[in-house]
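Everything below concerns the one structure shown next.
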Amino acid sequence: MKEGKNILKSLKTAWNGIWETLIKEPVFKYFIIAAITIIAAMLYFQTTRTEKGILLTMIFTLLTLELINSALERFLDFLEPRDNPKVRIIKDLLAAIVLLAALGALSIGILIFWPYLK
């Protein structure tokens, strides 16, 4: 029984992290809105199972990277609350990772949905 409580506690903790990110990180909200839109388009256009798998993989990858970015930025703010040029560079690099993944996801989305729009 103890294992069940630990799993439930872990799930609650994880949900709290997602909720915190939804409340405090505007980019994460936009990614959630985009994810819902993409899932709706997936269902509307009756994409193949492979296309659905690729799109869902990109959605979860992007959301995960944004969560990592947010967590690391907060950690850096905790370690160095004052403005520090070295910390700014690290934060810029973290943002670049998310941007690159978002551009990749957009490219994949265009490749998948383009034939359905003709």
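The values are calculated or read from the model by the stated rules, or taken from the named source; none is laboratory data. What you are looking at is a predicted structure, and each value in this text was computed from that prediction instead of being measured. Note that we place each Cβ from the backbone using ideal geometry, even for glycine, and neighbour counts take in every protein chain shown.
State yes or no: is LYS9 of a type in the set (D, E, K, R), at pLDDT below 95 and assigned to a helix (DSSP H, G or I)? Outline the logic, then answer.
On the way: of a type in the set (D, E, K, R): yes; at pLDDT below 95: yes; assigned to a helix (DSSP H, G or I): yes.
Against the criterion (of a type in the set (D, E, K, R), at pLDDT below 95 and assigned to a helix (DSSP H, G or I)), LYS9 qualifies.
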Tally up the residues in region 15-27 that are surrounded by 11 or more Cβ atoms within 10 Å (Cβ to Cβ) and more than 17 Å from GLY104 (Cα to Cα), please. 7
With respect to VAL98, determine if the residue is touching an Asp or Glu at 6+ places or on another chain (Cβ under 7 Å), β-branched (Val, Ile, Thr) and more than 19 Å from LYS29 (Cβ to Cβ). no
VAL87 over 25 Å from ALA14 (Cβ atoms), of a type in the set (A, V, I, L, M) and modelled with pLDDT of 95 or more: yes
Are there any pairs, at least 6 apart or on different chains, whose C-beta atoms fall under 8 Å, with the first in region 96-116 and without any contact (Cβ under 8 Å) to a residue 40 or more places away in the chain and the second in a helix (DSSP H, G or I) and not small (Gly, Ala, Ser), and if so, which? ILE97/LEU65; ILE97/ASN69
Filtered residue count, region 50-65, keeping only those that are surrounded by 14 or more Cβ atoms within 10 Å (Cβ to Cβ), more than 13 Å from LEU106 (Cα to Cα) and free of Cβ contacts under 8 Å to residues at least 40 places away in the same chain: 3
Is it the case that ALA41 is of a type outside the set (D, E, K, R), under 30 Å from TYR116 (Cβ atoms) and in contact with a Gly (Cβ under 9 Å, 6 or more places away or on another chain)? yes
